[in-house]
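**Student:** Before anything else, here's the structure in question.
The values are calculated or read from the model by the stated rules, or taken from the named source; none is laboratory data. Keep in mind it's a predicted model, so treat the numbers as computed, not measured. Counting neighbours? That spans all protein chains shown, and the Cβs are built from the backbone with ideal geometry, glycine included.
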Amino acid sequence: MQTHAYVLRRPQGNAVLYSSSTLPSEADWLREAGGVDHQFLNHRDEAGPACDWVFDTFGAPLHCHELERDAIGKQCTVHGTFREEGYVLPDLLAIPTPGHCPGSTCYLWHGPDDDYLFTGDTVYLNEGRWEVYVSRGTTDEMIASLNRIAKLRFGFLLPGLFIGDVKDAQTDTSDVRRQTDAIISRLEQFLFRWNHSDGAYWRQGQGWR
C-alpha cells in the first residue's frame, strides 16, 4: 500500500492535493517548480506536520471540507473550509464525496490537456481495480458519492492511495460508469444479506428487518 500527494503546476499558482511526509525533502524541486500557493486535503487521514511545513515555507493556506476541520486541526492548521460542491480555484472543482469519511472530497482539475479526478481515499486502486473503503462514513453515503462520480467527465483517475504497481487510471465516460456500477454492486451485496431461515435481511448498522 502506498500513498502520495500531487502538485498541480498552474500558471495562476501551484496547488498541492493531499499531503505527504516526504514533501519537505522535495523543497528544492518545489521551489524550482514555482512554489506552492494552495493546499487541499481529501480527508483527515492526510493531515500531518507536512501541511504546516508547506504553509510555513511557501505561505500556502490549507483547505478542507468543514466536516473534516476538527479532526485535521488536531494535526495541523486549517486556514479555510467549504461545505458544498463548487470551484475552490477557477480550474479546480471540489466535490464532497462522503463515505470514507464524512467530509471526504474529490477534486476535478481542468488541466491543460485533460480533466483529472483526484479521489484521495474515496476511490483507490487495488492492482488497477477501482475500490472503496467505508471507514467513518456509511455505505449509503458511499453509494451516493459513486453515483455523483459516475456523472463526471474526466480522462484520468488519480487516487491518494494505491495497492500494487498501478498508480492511476486512464478512463472515459463509459468506463467510469462501469467501474462505479461494479463497486456499487459489491457494496449492495454487502449491505443486503438475506437470512434464508426466516426471509429477513440485514441492513448495515440497522440489524435484522
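**Student:** Please determine, by comparing only the residues of segment 14-27 that are surrounded by 15 or more Cβ atoms within 10 Å (Cβ to Cβ) and assigned to a loop (DSSP other than H, G, I, E, B), which one is modelled with the highest pLDDT.
**Tutor:** Asn14
**Student:** With the requirement that a residue be at pLDDT 90 or above and of a type in the set (Val, Ile, Thr), what does segment 131-166 give you?
**Tutor:** Within segment 131-166, Ile143, Ile149 qualify.
**Student:** What do you reckon, is Tyr6 touching a Leu at 6+ places or on another chain (Cβ under 7 Å), at pLDDT below 95 and on the phi > 0 side of the Ramachandran plot?
**Tutor:** Working: touching a Leu at 6+ places or on another chain (Cβ under 7 Å): yes; at pLDDT below 95: yes; on the phi > 0 side of the Ramachandran plot: no.
Spelling it out, it is not the case that Tyr6 is touching a Leu at 6+ places or on another chain (Cβ under 7 Å), at pLDDT below 95 and on the phi > 0 side of the Ramachandran plot.
**Student:** Follow-up question, since we're still on this one. Which condition breaks for Thr22 when tested against (1) in contact (Cβ under 8 Å) with a residue 60 or more places away in the chain; (2) more than 30 Å from Thr139 (Cα to Cα)?
**Tutor:** Single failed check for Thr22: (1).
**Student:** Thr81 is checked against (1) part of a loop (DSSP other than H, G, I, E, B); (2) closer than 26 Å to Arg148 by Cα; (3) in contact with a Lys or Arg (Cβ under 8 Å, 6 or more places away or on another chain) and fails just one. What number does that condition carry?
**Tutor:** Exception for Thr81: condition (1).
**Student:** Hey, another quick one. Do the conditions hold for Trp109, that is, is it more than 18 Å from Gly137 (Cα to Cα), free of Cβ contacts under 8 Å to residues at least 24 places away in the same chain and either of a type in the set (Gly, Ala, Ser) or not in a loop (DSSP other than H, G, I, E, B) (or both)? Lay out the reasoning, then the answer.
**Tutor:** On the way: more than 18 Å from Gly137 (Cα to Cα): yes; free of Cβ contacts under 8 Å to residues at least 24 places away in the same chain: no; either of a type in the set (Gly, Ala, Ser) or not in a loop (DSSP other than H, G, I, E, B) (or both): yes.
For Trp109, the condition - more than 18 Å from Gly137 (Cα to Cα), free of Cβ contacts under 8 Å to residues at least 24 places away in the same chain and either of a type in the set (Gly, Ala, Ser) or not in a loop (DSSP other than H, G, I, E, B) (or both) - is not met.
**Student:** Show the residue pairs meeting these rules: Cβ distance below 8 Å; 6+ apart or different chains; first residue within segment 27-53 and within 19 Å of Gly80 (Cβ to Cβ) and without any contact (Cβ under 8 Å) to a residue 60 or more places away in the chain; second residue of a type in the set (Phe, Trp, Tyr) and not in a loop (DSSP other than H, G, I, E, B).
**Tutor:** Every condition considered, the pairs that remain are Gly35/Phe58; Val36/Phe58; Asp37/Phe58; Gln39/Phe55.
**Student:** With the requirement that a residue be buried (at least 16 other Cβ atoms within 10 Å of the Cβ), more than 30 Å from Val132 (Cβ to Cβ) and not hydrophobic (A, V, I, L, M, F, W, C), what does segment 28-55 give you?
**Tutor:** Answer for segment 28-55, where residues must be buried (at least 16 other Cβ atoms within 10 Å of the Cβ), more than 30 Å from Val132 (Cβ to Cβ) and not hydrophobic (A, V, I, L, M, F, W, C): just Asp37.
**Student:** Gly86 fails exactly one of the following numbered conditions: (1) closer than 25 Å to Gln2 by Cα; (2) loosely packed, with under 14 Cβ neighbours inside 10 Å. What is the number of that condition?
**Tutor:** It fails just one condition, (1).
**Student:** Only one residue in Leu67, Leu30 is within 20 Å of Val123 (Cα to Cα) and assigned to a helix (DSSP H, G or I), so which one is that?
**Tutor:** None of the other options fit; the residue is Leu67.
**Student:** Mind listing just one residue for me: the one in segment 137-156 that is in contact with a helix residue (DSSP H, G or I) (Cβ under 8 Å, 6 or more places away or on another chain) and buried (at least 18 other Cβ atoms within 10 Å of the Cβ) and, of those, nearest to His43 (Cα to Cα)?
**Tutor:** Met142
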